[in-house]
1. Modelling each spin label as a point 7 Å along the Cα-to-Cβ direction, I'd like the Q107/I86 distance in nm, to one decimal.
2. Whole-Hz ³J(HN,Hα) for each residue in the stretch 69-86, computed from phi via Karplus 6.51 cos²θ - 1.76 cosθ + 1.60 with θ = phi - 60°, x for glycine and proline: what do you get?
3. To the nearest 0.05, what FRET efficiency results for D37 and Q73 with a Förster distance of 30 Å applied to their C-beta separation?
4. At a 10 angstrom cut-off on C-beta neighbours, averaged per residue, how do the peptides 102-109, 85-92 rank from highest to lowest?
5. Could you please state, rounded to a whole Å, how far the C-alpha centre of the stretch 81-135 is from the C-alpha centre of the stretch 1-77?
6. Per residue of the stretch 123-129, what does 6.51 cos²θ - 1.76 cosθ + 1.60 with θ = phi - 60° give for ³J(HN,Hα)? Whole Hz please, x for Gly and Pro, Karplus curve as stated.
7. For the stretch 2-130, what relative contact order do you get, as a whole percent, if you take Cα pairs closer than 8 Å and at least 6 residues apart?
8. Mind putting a number on the dipole of the chain about its Cα centre? Charges go on the C-beta only, +1 for Lys and Arg and -1 for Asp and Glu, and I need it in Debye to the nearest 20.
Amino acid sequence: MVKNSILLGSISAAIAIALGAFGAHGLLKHVESGLMDMKMVQSFETAARYQMYHAIALVLLGIIMKSFGEHKQLNRAKWLFIAGTICFSGSLYLIATRNVIGWVNWQWIGPVTPIGGLLFMAGWVVIIVHFLRSK
């Protein structure tokens, strides 16, 4: 579990950096062409930022599990962060770029974003409860 958390967090961080750079540089031409507006670019950047926050959290969870032992609750938090990243950041990436990638009619993806936010919050609550209960 420790190696898994650190590995997945590192992969997610690398993806967040790549997508963040693409958002900061590659999407501006689509704003100029009218396919996107700056609000969409900001949403894309928010997705990359939250992905990075939780990538770092995954790496830290791995370090915590190595130091304090592997616990079911910490493993649960790891999977909540991963699911949150997919739902929150993934849906924002798709929403922000849907005109560019041609998925204009994907209106159903919008409600996935707050579900991802709830998954992130649940992961943090699981960690809080775990450490409040631990000796």
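Bear in mind that the values in this text are calculations on the coordinates, not laboratory data. Since we're looking at a predicted model, the values are computed, not measured. In this analysis, Cβ positions are derived from the backbone assuming ideal geometry, glycine residues included, and neighbour counts consider all displayed protein chains.
1. 2.6 nm
2. Once rounded to whole Hz, the list reads x, 7, 10, 4, 5, 5, 5, 4, 4, 4, 5, 5, 5, 5, 5, x, 5, 5.
3. On the way: r = 42 Å, r/R0 = 1.39.
E between D37 and Q73, to the nearest 0.05, is 0.10.
4. Numbers: 102-109: 10.8, 85-92: 22.6.
Ranking the peptides 102-109, 85-92 by packing returns 85-92, 102-109.
5. With the stretch 81-135 and the stretch 1-77 each reduced to a Cα centre, they are spaced 11 Å.
6. With coefficients 6.51, -1.76 and 1.60, one gets x, 5, 5, 4, 5, 4, 4 Hz.
7. On the way: 159 pairs, mean separation 38.9, N = 129.
Taking the mean separation of contacting Cα pairs over the length of the stretch 2-130, I get 30 percent.
8. Details: 11 positive and 4 negative charges, 116 e Å.
For the chain, the charge dipole is close to 560 debye.
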